[in-house]
1. Take the conditions of a type outside the set (S, T, N, Q), under 25 Å from residue 409 (Cβ atoms) and either at pLDDT below 90 or surrounded by 20 or more Cβ atoms within 10 Å (Cβ to Cβ) (or both) and apply them to residue 507. Does it pass?
2. For segment 141-150, state whether one or more residues are assigned to a loop (DSSP other than H, G, I, E, B) and touching an Asp or Glu at 6+ places or on another chain (Cβ under 9 Å).
3. For segment 269-365, give me every one of the helices (runs of 4 or more DSSP H) that falls completely inside it and has 2 or more residues that are under 22 Å from residue 592 (Cβ atoms) and open to solvent by 50 Å² or more (accessible area, probe 1.4 Å).
4. Which of the following residues is in contact (Cβ under 8 Å) with a residue 24 or more places away in the chain, open to solvent by 40 Å² or more (accessible area, probe 1.4 Å), touching a Pro at 6+ places or on another chain (Cβ under 8 Å) and over 30 Å from residue 42 (Cα atoms): 109, 119?
5. Out of curiosity, is residue 539 surrounded by fewer than 22 Cβ atoms within 10 Å (Cβ to Cβ), over 18 Å from residue 478 (Cβ atoms) and either modelled with pLDDT under 95 or under 28 Å from the mean Cα position of the chain (by Cα) (or both)?
6. For segment 557-580, give me each residue that is part of a loop (DSSP other than H, G, I, E, B) and open to solvent by 10 Å² or more (accessible area, probe 1.4 Å).
7. Can you list the helices (runs of 4 or more DSSP H) found entirely within segment 161-268 that contain at least 1 residues being out of contact with any Leu (no Cβ under 8 Å at 6 or more places or on another chain) and in contact (Cβ under 8 Å) with a residue 60 or more places away in the chain?
8. Counting only residues that are modelled with pLDDT of 95 or more, over 27 Å from the mean Cα position of the chain (by Cα) and of a type in the set (S, T, N, Q), how many does segment 164-198 have?
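The values are calculated or read from the model by the stated rules, or taken from the named source; none is laboratory data. The structure presented is a predicted model; accordingly, all values stated were derived computationally and were not measured. Note that each Cβ is placed from the backbone with ideal geometry, even for glycine, and that neighbours are counted across all protein chains shown. SASA here: full protein model, heavy atoms, side chains in, ligands and nucleic acids out. Shrake-Rupley method; radii C 1.70, N 1.55, O 1.52, S 1.80 Å.
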Amino acid sequence: MGIRFVRLLISIWAITSCGLSWGLSDEEFKQSFESARKGKWSNVDVQVQQHVLAPYIEFHRLKSQLPKLSPEAIQQFADTYSDTPLYGWLKKHATSAYGRARKWDAVVALNSQAPADVAGRCIYYRAQLISDQALAFEGGRALWLHGKPLPDECDDLFKAMISRGEIDNHMIWQRALLSLENGNTRLAKYVARKLTDDSWTPARSYLKTIIQHPDMLLDVPQKVSDRIEVSPFLTAAMVNFANNNVHEAQVLWPKLRSKYAMSEADVAVVNNSLARNSYKLSTDQRDENTYLRLVEAGNADWIEPVLREAIVASQWHTVLYWTESVQGVATDNSYYQYWRARAFEQLGDQIKADAAYKIAATQRNFYGFLAAEKSSLPYALNSAAPRVNDEDLLAVDSLPAIQRINALWAINEHGLAMDEWSYLINSSPAKSGFFAEYALKNEWYGLSVQATIIGRHWDYVAHRFPPAYKELFTQWADVRGVDPILLMAIARRESAFNKDAVSPVGARGLMQMMPSTAKEVGRQQDVPYRHGDQLFDQAMNVQLASSYVQTLLEKYDGNVIATLAGYNAGPNRTDRWLAESNGAYDQFIESISYRETRDYVKAVLTYRVIFESLDGDEVISVLEPSERGITQYLSKNDTGPSKTAAIP
């Protein structure tokens, strides 16, 4: 039985179930669904009970009855719809509602163990104060010892434990230090105010003092040192200081070490904090100890900023020094091997350069692909695929969850469809490869990508990079005169082909256009764009985004690197980066000061190679020479001739 037959079954099922078995049209059900959400039950059609999405109506009906609804009714819902994410959502809502109503017996009856979320755990352990105090105290203490703000649901539990002495002054002080170390100085002072014994008053006051004046750490009052352990206190204070002012912190640190006895573990914590924050230091603020701490830690992320400085400045001996300082699994990472190779190459040692390039070329990423070009090797796609037959796909097709996903797509509830899909995969992780293949075969491209992410199938390259919306990208690429695969790669990075994606800053749709940018592009291109919700329409989104890409390519004389940087961070910032550039294209990428933009540029270029390779095209280079000429601008408003740096 072939895949075409699987698709035929789906089509027949969709036609018969939507038109006959469910009784309601998609639009009719959607209207009832919206009424259920709003609690307008008189507007809910009785025929929804026969619909495949009936559990969603029942979910809202039961939710509306909280907190009066019994735990037994919720459990009955769970037994009936155990294959949906709805029970977990209802249980979370019920736990919260029971807690607000102080129905502690109901909380315990509903939850056989502590919930996963912090608010739920606080409610659960508060409820257990009645039936199992030992369990409540143990769980409450674990929650208390946290350096970040906790939800209001925890207040009742902590108040009860403090009043009973189960959270004593030492634990209060411990949480204050955890908060300080995490940079939550306001929380640290708030928690310290709960210290009730007068003997803690000097410590509480001193904590407040050193937050404002860290140099006062050099003079710990006797009344404070008699009450607390000095070493953990200095550690928390120094970590907070390093996070806020690493330059002054590294000046203060050797003075503290010479004055106070501290444990080796605490010294290591402070040294690591100084090393982690050293990227904030200018060159003239660094001293010998700055570099020694970085070398001792060997942390690739902490070393990367100083390595990038050396790369941009073409200081090749320094590049070798820092790549050799990296410890652990990152040693063989293509990023470090590629720049070792570049350094050896510039210093005239081609044998060592070739060896490093070959190590880097084994990896499927930007620098792995550049290294492959240098070594005249094929790109290492390292592709794999799940072993799935037609019977496996038919078994997936018969799952009720698949039917619900189809129905949710039909009524434009794409977020709920994704939730169903994620729940299905997480419930059967061993079958995640089956689900990825099923989604790919049935052209559920966004779900295919999601399946590989949840299942951590990084080598399922075809499933991670499916030909989603290819005709649409090709259509507008032809109109704009741009590379359709570049548009696909941008969309893959921006939204993972989720046309309903919304970023934290408000970018929307397939190619994550900002409404303000879309409005300007629409005005320039005479496109009937009126409001942000239009960006969830994939055709409108690609039409506008492709025009914006075309504009950036024209602005930057075809330079794809600058175009991608401009798309991600804006052209004004990109102009500044270009104006400061004086190296080759790979050095320019490392000169971009925003990590997000550096990673974005490298990812999109990598994705383009992957898409082209999967499409059967012969890929000669990651970037054509015409795509990587670095155009430099004296200023945003410069009207003089631009100059293009020579590219090796």
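1. Criteria not met by residue 507.
2. Yes, because at least one residue in segment 141-150 is assigned to a loop (DSSP other than H, G, I, E, B) and touching an Asp or Glu at 6+ places or on another chain (Cβ under 9 Å).
3. Where helices (runs of 4 or more DSSP H) fall fully within segment 269-365 and carry at least 2 residues being under 22 Å from residue 592 (Cβ atoms) and open to solvent by 50 Å² or more (accessible area, probe 1.4 Å), they are 300-312.
4. 109
5. No.
6. Correct list: 557, 558, 570, 580.
7. Counting at least 1 such residues, we get 230-244.
8. Selection size over segment 164-198: 2.
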